[in-house]
1. Identify which of Ala296, Ala44, Ala105 has the largest mean-square fluctuation in a Gaussian network model of the chain, with springs joining Cα atoms closer than 10 Å.
2. How far is helix 209-219 tilted off the main Cα axis of the chain, in degrees rounded to 10, range 0 to 90?
3. If you rank Leu400, Leu170 by how much accessible surface each has, with a 1.4 Å probe, what is the order from largest down?
4. Note down the relative contact order for the chain as a percent, whole number, built from C-alpha pairs under 8 angstrom at least six residues apart.
5. Ordering Leu394, Leu82 by how much accessible area each has at a 1.4 Å probe, largest first, what is the list?
6. So, taking all protein chains as they sit and a 1.4 Å probe, how much accessible area belongs to Thr192, in Å² rounded to tens?
7. Could you give the semi-axes, largest first, of the ellipsoid that matches the chain, computed as the square roots of 5 times the alpha carbon gyration tensor eigenvalues and rounded to whole Å?
8. What ranking of Leu149, Leu286, Leu181, Leu250 comes out by heavy-atom accessible area, probe 1.4 Å, highest first?
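The values are calculated or read from the model by the stated rules, or taken from the named source; none is laboratory data. No experiment lies behind these values; they were computed from the predicted model shown. Here Cβ is always computed from backbone atoms with ideal geometry, including for glycine, and neighbour counts include all displayed protein chains. We work out accessible area using only protein heavy atoms, side chains counted, and drop any ligands, DNA or RNA first. Shrake-Rupley method; radii C 1.70, N 1.55, O 1.52, S 1.80 Å.
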Amino acid sequence: MTLREAVAMAMEQNPDVIVARLDSQKARAQITIAHDPFTPKVFAGSGAAWTYGFPSSIDGNAPSIMQAKTVMSIFDRPQSYLVAQATEAARGSQTDIVIRQDEAAYRVASLYLDAEQASRSLAAVQRELENLSRVKDLVETRVNEGRELPIEAKKANLNLMRARLTSEGLASDLQNAETALALALGFNANDTVRPSAEDRVALEEPPSEDASIAKALADSRELRKLESTLQIKTLEIKGFQAERLPKINLVAQYSLLAKYNNFQQYFQKFSRNNVELGASFEIPVLAGRAGRAYAAQSEAEAAKIRTEVNRTRNRITSDLRRAYQDLRHADTSREVARADLDLAREQLSIDLAQYDEGRTPLARVEASRATENEKWLAYYDTQHTAELARLNVLRQTGTLVAALN
């Protein structure tokens, strides 16, 4: 896959993103649950029982052939605040999805670069192995001819063994990076995702550090999530305080009565069809102190969230400044590694020219080639570090997904 394809797939099927979407569905369903008391519900039923004396059922109503009731809250301020809390939680869950998508994009991009770096380094080490193998053969020949000390052959063999060990480590790193990339994209552990060869445009970080900090603070989804949580706590406090307000419920009932339940003996006028429609009022006289205690707990939690908001703002500023410092250091290290590589390549050109003139042995030329490959490895490492540092800056500013696309 290309980097853009991998990031696009991660934002759709990364496991953490999928879990966040499911949590969002659950939060949206909670709105319906919280709003349920304000939705009219109708219950109908019938039964049979023997009565003696005054006709009444277990719940105190007159025995009826069929009875229908409607239940609905008309005014319930605490429940209204619960609906508002559920709505705010659902909105916050959408922010969670975006946060998980940003994290998935950063992780996939990092793993992609890790796999790309391991692949380039492995190719360079394999070239170095070929050169060191030829150096080992040439040095052994010179030792057998008495033109070199035996210790030189041991040094050449040790260098070859070290290069083989490095090659094995890079091959393992490549396999692990491709497997981790597959898992981050929602594939199985037996799958691998390999970076495709592409001429990718280099990522560009925001030009101004101070402007980036201001933008990161203004657009931080983490701060938005904390503000949403704070809003939920504020609504929770209002809900506990509203427990002392009256509640109004709809009262509606229909009953179909029978003629053979001794109603005529107790009532001068009898009607089989009975309808009741109105409202019931519930006024708390002594609501207790639990509501105040719950409100006090929520106020303490809200204060903690405000403290967390301030700490998060300071952390974002500090982390972004550190990310820019790391990026500048990584770019400088890459420039140094590039200069070192250019010097090694120039030295190899000189050795090749002298070899053509018969002034330098072939063993020295092969050793220069091995040195050049080592410099390539060092340059690849610094380039990889610089790319990761640039990714981190883009992640901190919240512009990573846009830059990758």
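1. Ala44
2. 30 degrees
3. Ranking Leu400, Leu170 by accessible area, largest first, yields Leu170, Leu400.
4. On the way: 539 pairs, mean separation 103.4, N = 405.
Relative contact order, the chain: 26 percent.
5. Final ranking, largest accessible area leading: Leu82, Leu394.
6. Around 70 Å² of this residue is reachable by solvent.
7. 79, 25, 15
8. Leu286, Leu149, Leu250, Leu181
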